[in-house]
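A short worksheet on the structure shown next.
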Amino acid sequence: MTALIWAVYQCHVFSDLVKIEWATFMALGTITFVDFVIASSLCYLLATSRTGFSSTDSIITKLMAYIINTGCLTSMCSLSAMITCAVMPHNFIFLGVEFLVAKLYVNSFLALLNARN
């Protein structure tokens, strides 16, 4: 991680970022992987915590559906940013997709807060 920070710190203009493509791929890949791991681990933990009561199990099922929807959406958007960066390395179109990922995180958090009773 220190090498990533140092490499980005050494860039003075945007054209220098093309030289350290590995840093961009590493950051985008880590984000995609962590999104997937969080969504899958939350679904696993919820699936193993079923109680047998119908009301509790229906809430757990709704939470699992919400987690799968938001986790997959953010993971796919992060993956599309990484693919866009790989396909078009000399422009910054992937940053537009990455800005969408940040907005998706905020929207999913606000939707979670609005879903409370």
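The values are calculated or read from the model by the stated rules, or taken from the named source; none is laboratory data. Note that the structure is predicted; figures quoted are calculated from it, not measured. Cβ: placed from backbone, ideal geometry, glycine included. Neighbour counts: every protein chain shown. Quick note on the areas: whole protein, heavy atoms, side chains included, nothing else; ligands and nucleic acids left out. Shrake-Rupley method; radii C 1.70, N 1.55, O 1.52, S 1.80 Å.
Within region 83-97, can one find any residue that is of a type in the set (Ser, Thr, Tyr), at pLDDT 85 or above and over 21 Å from residue 32 (Cα atoms)? Don't jump to the end; show me each part of the working.
Taking region 83-97 and keeping what is of a type in the set (Ser, Thr, Tyr), we get 84.
Narrowing the set further to residues that are at pLDDT 85 or above leaves 84.
From what's left, over 21 Å from residue 32 (Cα atoms): none.
Among the residues of region 83-97, not one is of a type in the set (Ser, Thr, Tyr), at pLDDT 85 or above and over 21 Å from residue 32 (Cα atoms), which makes the answer no.
Looking at region 85-114, which of its residues are farther than 20 Å from residue 31 by Cα, free of Cβ contacts under 8 Å to residues at least 60 places away in the same chain and touching a helix residue (DSSP H, G or I) at 6+ places or on another chain (Cβ under 7 Å)?
Within region 85-114, no residue meets the criteria.
Please go through (1) open to solvent by 50 Å² or more (accessible area, probe 1.4 Å); (2) free of Cβ contacts under 8 Å to residues at least 60 places away in the same chain; (3) closer than 18 Å to residue 92 by Cα for residue 21 and return the number of the only condition it doesn't satisfy.
Every condition holds for residue 21 apart from (2).
Within region 36-74, track down each residue that is among the hydrophobic types (A, V, I, L, M, F, W, C), open to solvent by less than 40 Å² (accessible area, probe 1.4 Å) and within 19 Å of the chain's Cα centre (by Cα).
We begin by selecting, within region 36-74, every residue among the hydrophobic types (A, V, I, L, M, F, W, C); these are 36-39, 42-43, 45-47, 53, 59-60, 63-65, 67-68, 72-73.
Still in the list and also open to solvent by less than 40 Å² (accessible area, probe 1.4 Å): 39, 43, 46, 60, 64, 67.
Answer for region 36-74, where residues must be among the hydrophobic types (A, V, I, L, M, F, W, C), open to solvent by less than 40 Å² (accessible area, probe 1.4 Å) and within 19 Å of the chain's Cα centre (by Cα): 39, 43, 64, 67.
Mind telling me which of the residues 33, 94 ends up being under 22 Å from residue 17 (Cβ atoms), aromatic (Phe, Trp, Tyr) and surrounded by 15 or more Cβ atoms within 10 Å (Cβ to Cβ)?
94
Mind checking whether some residue in region 80-89 is more than 14 Å from the chain's Cα centre (by Cα), small (Gly, Ala, Ser) and surrounded by 13 or more Cβ atoms within 10 Å (Cβ to Cβ)?
yes
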